[in-house]
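Scroll down for the structure; my scribbles are underneath it.
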Amino acid sequence: MIGVVGKLGRRRLEYEVVKRLVGPLLTEVESARARVKSFRKRGHQPKGPFGPPLESARKLKELMTRHYLEGRYADGAVPVAWVTSGFPVEVLRPLGFHAVYPENHAALCAVQRVVPHLSEAIEQQGYSRDLCSYPRADLGSVVLQETPVGRLPRPDLLCCCTNICQTTLYWYRALAAHFHVPLVLVDPPFVYGEAKPHHREYVRDQLEELLDVAGKVAGRRATMDEIVEVTRLAREGTLLWGECLAESRNRPAPWTGIDGFFHIAPIVALRGKPECNAYYRQLRDELRHRVDKGIGGIRDERHRLLWDNLPIWFDVRGTATLLAERGFNFVCTSYTNAWAEAGSRIDPADPLGSAVIAYTDIILNQDLGKRYATLARLAEEYTCDGAVLHSDRSCKPYSIGQLDLKQRLAKDLGIKVMVLEADHGDPRAYAVEQGHGRLTAFMESFA
Amino acid sequence: MANEPVAIGVDVGSTTCKVVVIDGDGAILDHRVEPTHPRIEQQTTRLIGELSATLGRALPVGATGYGRQRVFGATRVLTEITCHARGAFCRVGRAAVLVDMGGQDTKIIRVGDDGAVGDFAMNDKCAAGTGRFLEVILGRLQVPFDEVWLHVSRADHGIAVSSTCTVFAESEVISLVAEGQELDGILRGLHESLAKRVASLAGALPPDASVVMSGGVALNAAMVRALSSALRREVRVLPEPQLVGALGAALSVR
Ligand code: SF4
């Protein structure tokens, strides 16, 4: 495996051609097409309850398409790691790893509504439907060798951090057994109150071990200078993402929370890369421009809501439209906010020490009191008059305690709160009609 | 104005379709109740047409229920949660907790002292705890609906039925019958277990909250009694409980 790296073989050549020529060329063609389209549409006022679409959305599509395109040629050319969303990826980037985010990929499968098909493949092997739909989609995709992105590169290393849930560990063990590659685990203890010094030490030891393992797979160890630089980029990207979100404190919010669910992709999958930061700079500037011009994410913003938990990926548009038609916008979500918080704690002056804190103190690894404080703060900062807590059948750690959170938010902040039972990935676990009926009843109660 | 028809309300539920004509005070002057037909548009158009013909003129129409989007000519379309709250508030005139047990779902709605929905909880994931659940089990036991109260009131205690899933409860009840347990006790136990489920959906109620009930199941006295004891307070059945949603729909266009 070590020999894979540095061997400028056929795979590497293909990879470099795709990365340096094909990707940029496709991007150019795509933007030329988009320019023609927007020229043809000039003067047309978009119909429906939404404001004009974000220009950056096109750039986002290009960025993510290139990422997945490069991925198709990555194995055999550069070391490939499959990584959980909350993993300290800053350690891998300097070694030239191509990082695949199965969660991000599963979300894509969910948007395309292929989760039931992928899931059935592993349900037949005995996996329960009660498991989170992300691992079901991902493992199904591996078993069937089917993916909406064409092809995922085979991993050389599996990197799992259990700061989001324990399910990831079992999921990655299944991947390790399938691919016969090493699995490296970072296991931050669950934090009640504040993390203790011995917790931090324990996580730090694991990061040191990670440096060793990643170095062995890549064929060399990352230098501290390299880690510092990636940490700087990751921090900057996270802060930029936070600035994008913060623009929604304005009235009207210049975009919708639903837009945010899609624009989160680079901070998850490309964190620590310059193109991620360039993208968020562009997005932030566009949002600022919209704020200056008074352009809203929806045309007629009358109510501002907070959303808790992952989105219902396969019905994101349906939910947003239902709300926007009645003047409701999700102006902030605890999910997108989590990505603006964790990385902001990493510090190039102490990359490892700060990574310990950043990756331990994340929302899903903390007690309910902290989760409540985050929700209450967001509701106030974004002047929300209501909140929808998505009780996600898939994501138990995120959904537990929501009935208590609902009562406290309603009582302490005097806002209307509802719990919506759904699933982020599997349409079989959500009756859209009933869900929309409940959301409608909730909106009617604001009259 | 009292007795002067002012609005029509339509509630297209999963089991029955209800249409009411109300006066300015919310009194129901006329109504129709029919099993819901798969062709909702035709059914509701016919029912509204019949009532309008009797009145000799057309009135504004409010629509609610699962089939609310398919009521032609509706002036206003609202969810059954809002309409039940409005209907209940019109009847009680103050804040209350409404338990609506219909054919397909059970709703708990906290109605504020202004008649608005404060909060709501619903069981709409499965048939357990709904009219449909009772219908299935009673059908299996061959007990007609109007004899349920007689059986339940004769039992000196309920035989515990632990399953609240329609499928499992049905087979559990069959095994209890096969074991030779008294039908009266089984029926009482069944109602008690259902009531407990509804009570847990309601959560902790403030001590002074008054509870009212609507929906077809409210016509089942055994269920009302079981619910009163599970909630440890009197449960008042609203007049014409099946029509509360339609009343709320009519009130919204009054
Ligand atoms: S259970 Fe939640 S945290 Fe875990 S993989 Fe699924 S969505 Fe992510």
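Among the candidates A:LEU389, A:LEU405, single out the residue that is modelled with pLDDT of 95 or more, within 16 Å of the ligand (Cβ to nearest atom) and not polar (S, T, N, Q).
Answer to the check: A:LEU389.
Can you find a residue that is among the β-branched types (Val, Ile, Thr) and more than 22 Å from A:THR440 (Cα to Cα) anywhere in the stretch B:52-70?
Yes: the stretch B:52-70 contains one or more residues that are among the β-branched types (Val, Ile, Thr) and more than 22 Å from A:THR440 (Cα to Cα).
Is it the case that the stretch A:261-272 has a residue that's outside any helix (DSSP H, G or I), at positive phi and either buried (at least 22 other Cβ atoms within 10 Å of the Cβ) or of a type outside the set (Gly, Ala, Ser) (or both)?
In the first step, residues of the stretch A:261-272 are kept if they are outside any helix (DSSP H, G or I); the result is A:264, A:270-272.
Pick out the ones that are also at positive phi and you get A:272.
Within this subset, residues satisfying the condition of being either buried (at least 22 other Cβ atoms within 10 Å of the Cβ) or of a type outside the set (Gly, Ala, Ser) (or both) are A:272.
Yes, the conditions are met somewhere in the stretch A:261-272.
Does the stretch A:337-359 include one or more residues that are polar (S, T, N, Q) and within 14 Å of another protein chain (Cβ to nearest Cβ)?
No, every residue in the stretch A:337-359 fails to be polar (S, T, N, Q) and within 14 Å of another protein chain (Cβ to nearest Cβ).
May I ask you to say which residue of A:ALA410, A:ALA342 is among the aliphatic types (A, V, I, L, M) and closer than 30 Å to A:PRO94 by Cβ?
Exactly one of A:ALA410, A:ALA342 is among the aliphatic types (A, V, I, L, M) and closer than 30 Å to A:PRO94 by Cβ, namely A:ALA342.
Do you know which residues across the stretch A:432-443 are at pLDDT 90 or above and within 10 Å of chain B (Cβ to nearest Cβ)?
We begin by selecting, within the stretch A:432-443, every residue at pLDDT 90 or above; these are A:432, A:435-443.
Those that are at pLDDT 90 or above and within 10 Å of chain B (Cβ to nearest Cβ): A:GLY435, A:HIS436, A:GLY437, A:ARG438, A:LEU439, A:THR440, A:ALA441, A:PHE442, A:MET443.
So which of A:VAL114, A:VAL80, A:VAL100 is open to solvent by 20 Å² or more (accessible area, probe 1.4 Å) and of a type in the set (Val, Ile, Thr)?
Details: A:VAL80 fails: open to solvent by 20 Å² or more (accessible area, probe 1.4 Å); A:VAL100 fails: open to solvent by 20 Å² or more (accessible area, probe 1.4 Å).
Matching residue, one of A:VAL114, A:VAL80, A:VAL100: A:VAL114.
Taking the condition over 20 Å from A:PHE330 (Cα atoms), basic (Lys, Arg), under 20 Å from the mean Cα position of the chain (by Cα) and within 14 Å of another protein chain (Cβ to nearest Cβ), does A:ARG393 pass?
yes
Is the stretch A:49-70 home to any residue that is surrounded by fewer than 22 Cβ atoms within 10 Å (Cβ to Cβ), on the phi > 0 side of the Ramachandran plot, of a type in the set (D, E, K, R) and touching a residue at least 12 places away in the same chain (Cβ under 8 Å)?
Looking for residues that are surrounded by fewer than 22 Cβ atoms within 10 Å (Cβ to Cβ), on the phi > 0 side of the Ramachandran plot, of a type in the set (D, E, K, R) and touching a residue at least 12 places away in the same chain (Cβ under 8 Å), one finds none in the stretch A:49-70, hence no.
Can you tell me which residue among A:LEU210, A:LEU152, A:LEU175, A:LEU185 is in a helix (DSSP H, G or I) and more than 14 Å from the ligand (Cβ to nearest atom)?
A:LEU210
Would you mind telling me which numbered condition in (1) within 14 Å of chain A (Cβ to nearest Cβ); (2) farther than 18 Å from B:SER229 by Cβ B:VAL143 fails?
For B:VAL143, the exception is condition (1).
Give all pairs with beta carbons closer than 7 Å in which a residue from the stretch A:237-255 that is in a helix (DSSP H, G or I) meets a residue that is of a type in the set (Lys, Arg); count only pairs at least 6 apart in sequence or on separate chains.
Qualifying pairs under 7 Å: A:GLY237/A:ARG271; A:LEU240/A:ARG281; A:LEU240/A:ARG284; A:GLU243/A:ARG284; A:CYS244/A:ARG284; A:GLU247/A:ARG288.
Determine whether A:LEU364 is modelled with pLDDT of 95 or more and either surrounded by 20 or more Cβ atoms within 10 Å (Cβ to Cβ) or within 16 Å of the ligand (Cβ to nearest atom) (or both). Let's see the steps before the verdict.
Working: modelled with pLDDT of 95 or more: no; either surrounded by 20 or more Cβ atoms within 10 Å (Cβ to Cβ) or within 16 Å of the ligand (Cβ to nearest atom) (or both): yes.
No: the conditions fail for A:LEU364.
Could you look through the stretch A:144-186, keep only residues that are under 17 Å from A:ASN104 (Cα atoms) and basic (Lys, Arg), and pick out the one that is modelled with the highest pLDDT?
The selected residue is A:ARG154.
State whether the residues of the stretch A:40-47 include one that is on the phi > 0 side of the Ramachandran plot and away from the ligand (no atom under 16 Å from the Cβ). I'd like the intermediate steps shown before the answer.
We begin by selecting, within the stretch A:40-47, every residue on the phi > 0 side of the Ramachandran plot; these are A:43.
This time we only want the ones that are away from the ligand (no atom under 16 Å from the Cβ), so: A:43.
Checked against the condition, which is being on the phi > 0 side of the Ramachandran plot and away from the ligand (no atom under 16 Å from the Cβ), the stretch A:40-47 yields at least one hit.
Kindly list the number of the only condition in (1) surrounded by fewer than 17 Cβ atoms within 10 Å (Cβ to Cβ); (2) within 15 Å of the ligand (Cβ to nearest atom); (3) modelled with pLDDT of 95 or more that fails for A:ILE400.
With (1) surrounded by fewer than 17 Cβ atoms within 10 Å (Cβ to Cβ); (2) within 15 Å of the ligand (Cβ to nearest atom); (3) modelled with pLDDT of 95 or more applied to A:ILE400, the lone miss is (3).
Determine if the stretch B:70-81 includes at least one residue that is at pLDDT 95 or above, crowded, with 21+ Cβ neighbours inside 10 Å, of a type in the set (D, E, K, R) and within 14 Å of B:GLY245 (Cα to Cα).
No, the conditions are met nowhere in the stretch B:70-81.
Among the residues of the stretch A:416-431, count how many are outside any strand (DSSP E or B), among the hydrophobic types (A, V, I, L, M, F, W, C) and either within 15 Å of the ligand (Cβ to nearest atom) or more than 12 Å from chain B (Cβ to nearest Cβ) (or both).
Initially, the stretch A:416-431 is screened for residues outside any strand (DSSP E or B), giving A:423-431.
With the extra rule that they be among the hydrophobic types (A, V, I, L, M, F, W, C), the set shrinks to A:429, A:431.
Next, from what is left, pick out any that are either within 15 Å of the ligand (Cβ to nearest atom) or more than 12 Å from chain B (Cβ to nearest Cβ) (or both): A:429.
Residues that pass the stated criteria total 1.
Name the one entry in A:PHE330, A:PHE314 that is within 16 Å of the ligand (Cβ to nearest atom) and surrounded by 18 or more Cβ atoms within 10 Å (Cβ to Cβ). Before the answer, list the steps.
Numbers: A:PHE330 fails: within 16 Å of the ligand (Cβ to nearest atom).
It is A:PHE314.
Kindly list the number of the only condition in (1) within 20 Å of the chain's Cα centre (by Cα); (2) open to solvent by 20 Å² or more (accessible area, probe 1.4 Å) that fails for A:ALA355.
Status for A:ALA355: all satisfied but (2).
The conditions are (1) under 21 Å from A:ALA269 (Cβ atoms); (2) within 14 Å of chain B (Cβ to nearest Cβ); (3) of a type in the set (Phe, Trp, Tyr), and A:PHE446 fails exactly one of them. Which is it?
Failed condition: (1).
The values are calculated or read from the model by the stated rules, or taken from the named source; none is laboratory data. Predicted, not measured: the structure shown is a model, and the values here were computed from it. Using ideal geometry, Cβ is built from the backbone for each residue, glycine included, and neighbour counts are taken over all protein chains shown. The area values use the complete protein model at the heavy-atom level, side chains included, leaving out ligands, DNA and RNA. Shrake-Rupley method; radii C 1.70, N 1.55, O 1.52, S 1.80 Å.
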